[in-house]
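Here is the structure we will look at.
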Amino acid sequence: MRSGTVFTQGLRQAVGESPAWTVEAVRQVRYHVVSSVGLFTPDNPALLTGCPDAPLRPGDRRLIIVDQNVDALHGDAMRAYFAAHGVDVTVVPLHAEETVKQWDAVEAVVDAMNSFGIDRRREPVLAVGGGVLTDVVGFAASLYRRGTPYIRIPTTLIGLVDAGVGVKTGVNYQLGKNRLGTYAPATATFLDRSLLSTLPLRHIGNGLAEILKMALIRSNDLFRLLESHGAAVRADRMQGSTGELARAADAIIAESIHLMLEELQPNLWESALERCVDYGHTFSPTLEMHALPELLHGEAVVIDMALTTALGTLRGDLTEAEADRVYAVIRSLGLPLWTDVLERPGLLEDALRDTVRHRDGQQRLPLPVGIGRHRFVNDVTPAELRAAAGLLRGRALGAAAPAAPALVAGQVGV
């Protein structure tokens, strides 16, 4: 019997003479998050040796699913890197953005894996792109032959600090955000902030929204860092063009990932449903799906956070001054405070009801307590939601806060 498995046989049960068994098993999970600048620079060994569970050697082959926009920007360097190291690659570009994050995309990846004739033990699929692309590939890999290893190379900030470091995969179904999905950790995720250099600023802000989430619920220090340097590192696209900006970008990314993994590791399978990393994700799934393509994921999350900041202010958990600091940082990161979708009758109540179904019959809604702390509540009422939305609307529109900007051509797939 393998270690970590309990196997018991019970005979002559009260229900009759038939035997009965109970099986309990513990699945060990191990995955790597590796940071390295310039992954596709020929003399960078990170992709070859950085993950001890998936080394690359001359003569190996790999299937690479890449966001088609990323392929246009970085595809030549990527192909040249693997050619220089004697790795035979098949590259499949995929259109990947929230509006097409559906089953059809999963099927396209499965078709590519099947045509490639992948060895599910020794040939991990490489997913190169934003959070949508890595979610889709991870979902397909988790289904193909009941589990095929995959490696993520996120090319957006939200991929680096959020989608790329957890174990969840998924695609949308009808108006349900990530309604179909699995828990399937990548063998490794390689983080390279130099790949962010080609991102539109809007997508840098999209990732900073998820970083701000961790700051508001876990770290006043991270919040102050965003308050003092967030606008500058956004404008610099996290490239570290000066020593000060490099230190700030590295600290912001590293601290947000550390806080995220610290929260995820003891609860990877979400057996405990009070998760502070769900902050900003109570109303945002519904907002995002109803506002497509107006809002990116992080923009919907930050509007959710602004709404619950207003709610926390009404409940006395944040002072007016603290709320003003939160709103000011949101604006400084180029993010919206408001969407007119919030005014659709019954939408917030419907979103909360859907969250209750997702969280086993309770709201388990994380709310900020000051800046850097949180608590969970189960008693938010529709009247409170309307009052919080009204307060936020006054703050956002009264201060001429920017609406979500139009989609920008370029690297997408967040």
Review point. What pairs come up if the first residue lies in the range 306-330 and is crowded, with 21+ Cβ neighbours inside 10 Å, the second is assigned to a helix (DSSP H, G or I) and of a type in the set (D, E, K, R), and their beta carbons are under 6 Å apart, counting only those six or more places apart or on different chains?
Key: Val329/Glu227
Check your understanding: Inside the range 162-208, can you point out the residues that are in a loop (DSSP other than H, G, I, E, B) and closer than 14 Å to Trp103 by Cβ?
Key -> Thr169, Gly170, Gln174, Gly181, Thr182
Check your understanding: Out of curiosity, is Asp119 loosely packed, with under 15 Cβ neighbours inside 10 Å, over 23 Å from Leu48 (Cα atoms) and not small (Gly, Ala, Ser)?
Key -> no
Study note, to complete from the structure: If you go through Val128, Val106, Val137, Val91, the only one that is outside any helix (DSSP H, G or I), out of contact with any Lys or Arg (no Cβ under 6 Å at 6 or more places or on another chain) and buried (at least 18 other Cβ atoms within 10 Å of the Cβ) is Val128
Check your understanding: Can you name the number of the only condition in (1) touching a residue at least 60 places away in the same chain (Cβ under 8 Å); (2) farther than 27 Å from Val301 by Cβ that Leu73 fails?
Key -> (2)
Review point. Are any residues in the range 261-283 among the hydroxyl-bearing types (Ser, Thr, Tyr) and touching a residue at least 60 places away in the same chain (Cβ under 8 Å), and if so, which ones?
Key: Tyr279, Thr282
Check your understanding: Given the structure, is Ser219 polar (S, T, N, Q), surrounded by fewer than 19 Cβ atoms within 10 Å (Cβ to Cβ) and modelled with pLDDT of 95 or more?
Key -> no
Check your understanding: Which numbered condition trips up Arg353, out of (1) of a type in the set (Lys, Arg); (2) over 19 Å from Leu385 (Cα atoms); (3) free of Cβ contacts under 8 Å to residues at least 24 places away in the same chain?
Key -> (2)
Practice item. Give the number of residues within the range 214-265 that are over 18 Å from the mean Cα position of the chain (by Cα), assigned to a helix (DSSP H, G or I) and of a type outside the set (Lys, Arg). Key: 22
Exercise for review: Could you grab the pairs with beta carbons closer than 8 Å, sequence gap of 6+ or different chains, first residue in the range 123-146 and outside the structural domain of Thr90 (by TED's automatic domain parsing), second one assigned to a helix (DSSP H, G or I)?
Suggested key: none
Exercise for review: Could you grab me the full set of residues in the range 108-134 that are within 16 Å of Pro149 (Cβ to Cβ) and in contact with a helix residue (DSSP H, G or I) (Cβ under 7 Å, 6 or more places away or on another chain)?
Suggested key: Val109, Val110, Met113, Arg120, Val125, Ala127, Val128, Thr134
Review point. Filtering the range 48-73 down to residues that are within 22 Å of the chain's Cα centre (by Cα) and not β-branched (Val, Ile, Thr), which residue is surrounded by the most Cβ atoms within 10 Å (Cβ to Cβ)?
Key: Asp67
Review point. Of Ile153, Ile118, Ile158, which residue is within 30 Å of Val37 (Cβ to Cβ), assigned to a loop (DSSP other than H, G, I, E, B), in the same structural domain as Ser36 (by TED's automatic domain parsing) and not basic (Lys, Arg)?
Key: Ile118
Review point. What residue, of Ala321, Ala300, is under 21 Å from the mean Cα position of the chain (by Cα) and either assigned to a helix (DSSP H, G or I) or not basic (Lys, Arg) (or both)?
Key: Ala300
Exercise for review: Starting from the range 14-31, keep only residues that are surrounded by 10 or more Cβ atoms within 10 Å (Cβ to Cβ), then list their pairs with residues that are modelled with pLDDT under 90 whose Cβ atoms are within a distance under 6 Å, requiring at least 6 positions of separation or different chains.
Suggested key: Pro19/Leu11; Ala20/Gly10; Ala20/Gln13; Val26/Gly4
Check your understanding: Only one of (1) at pLDDT 95 or above; (2) farther than 30 Å from Leu175 by Cα fails for Arg122. Which number is that?
Key -> (1)
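The values are calculated or read from the model by the stated rules, or taken from the named source; none is laboratory data. No experiment lies behind these values; they were computed from the predicted model shown. In this analysis, Cβ positions are derived from the backbone assuming ideal geometry, glycine residues included, and neighbour counts consider all displayed protein chains.
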